[in-house]
Amino acid sequence: MIPILIERELKKLAEDIGTIRGILAWPEPRLYTVEEDLSLWSPVQQVHHAALVVRAVLERIEVLYADESPEILRSGRPTGRGYAVLLFGRIPRGRGRSPEPYISPPETTRAEVEELLKTVDKQLQVAVERARYLYDVKGRWPHPVLGAFNCAEWVRFLRVHTDHHLEIAEQIGEKHLERQA
């Protein structure tokens with residue numbers, strides 16, 4: 001088992017949401033540029049995708065906390081890849097493919113992401129308030145590739161996943177600035 005401090009991970013996730021807001025403040029050419037050698041998504045798509053996943057996972061954590069869904073698993077573990085992501089705190093670049101509901105379309109707008117973040121802020125506040133109780137939740141929810149995660153593992157995944165997409169967005173933004181210089 002990998003030791004995970006939920007409170008620390010949620011604090012870092014809240015900081016990441018602040019970083020998303022900082023990226024959303026970029027001028028339009030930088031926010032909407034695509035650098036195909038880095039990603040087929042623009043920075044706004046990167047942060048939109050990250051926010052969609054945060055919203056969905058925080059919803060799953062609420063379901064696990066309530067323990068009232070037939071979809072909750074009573075056993076299971078992360079896969080080898082899942083353990084690696086949780087242990088090393090990194091997602092390999094260019095390997096994963098997002099499920100359809102979490103793909104951010106090219107026409108994603110700054111306003112859409114800002115609106116989504118309002119929901120995420122509320123969910124994150126609830127998660128922070130319940131953090132100390134999430135350790136005791138026994139159920140697991142499956143990730144499509146990385147295996148069955150408990151609440152602590154989902155929180156860690158969220159932080160790692162968000163960091164992954166912020167790093168890509170920032171690299172695209174930097175490359176855009178270099179091209180402008």
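Miscellaneous remarks
- Extreme residue, farthest from the chain's Cα centre (by Cα), among residues of region 12-33 that are under 21 Å from Val120 (Cβ atoms) and without any contact (Cβ under 8 Å) to a residue 24 or more places away in the chain: Ala25
- Residues that are over 25 Å from Gly76 (Cα atoms), surrounded by fewer than 17 Cβ atoms within 10 Å (Cβ to Cβ) and of a type outside the set (S, T, N, Q), drawn from region 121-131: Asp121, Lys122, Val126, Val128, Glu129
To keep it simple, each residue is scored yes or no on (1) in a strand (DSSP E or B); (2) free of Cβ contacts under 8 Å to residues at least 12 places away in the same chain; (3) more than 27 Å from Ile72 (Cβ to Cβ).
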{"site": "Tyr133", "(1), (2), (3)": "no, no, no"}
{"site": "Val137", "(1), (2), (3)": "no, no, no"}
{"site": "Pro142", "(1), (2), (3)": "yes, no, no"}
{"site": "Val145", "(1), (2), (3)": "no, no, no"}
{"site": "Glu153", "(1), (2), (3)": "no, no, no"}
{"site": "Arg159", "(1), (2), (3)": "no, no, no"}
{"site": "Ile168", "(1), (2), (3)": "no, no, yes"}
{"site": "Arg179", "(1), (2), (3)": "no, yes, yes"}
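- Cβ-Cβ under 8 Å pairs, at least 6 apart or on other chains, region 34-58 side closer than 24 Å to Lys122 by Cβ, far side of a type in the set (Asp, Glu) and in a helix (DSSP H, G or I): His48/Glu112; Ala50/Asp16
- Residue count for region 128-181 satisfying the condition of being of a type in the set (S, T, N, Q) and either touching a Phe, Trp or Tyr at 6+ places or on another chain (Cβ under 6 Å) or over 30 Å from Leu31 (Cβ atoms) (or both): 1.
- Restricting Ile72, Ile103 to those that are of a type in the set (Val, Ile, Thr) and out of contact with any strand residue (DSSP E or B) (no Cβ under 8 Å at 6 or more places or on another chain) reduces the list to Ile103.
- Number of residues in region 98-120 that are closer than 13 Å to Val54 by Cα, surrounded by 13 or more Cβ atoms within 10 Å (Cβ to Cβ) and at pLDDT 95 or above: the value is 5.
- Within the option set Leu64, Leu86, Leu58, being over 14 Å from His161 (Cβ atoms), part of a helix (DSSP H, G or I) and in contact with a helix residue (DSSP H, G or I) (Cβ under 8 Å, 6 or more places away or on another chain) holds for one residue only, Leu64.
The values are calculated or read from the model by the stated rules, or taken from the named source; none is laboratory data. All of these numbers come straight from a predicted model, not from anything done at the bench. Reconstructed Cβ throughout: ideal geometry from the backbone, glycine too, with neighbour counts over all protein chains shown.
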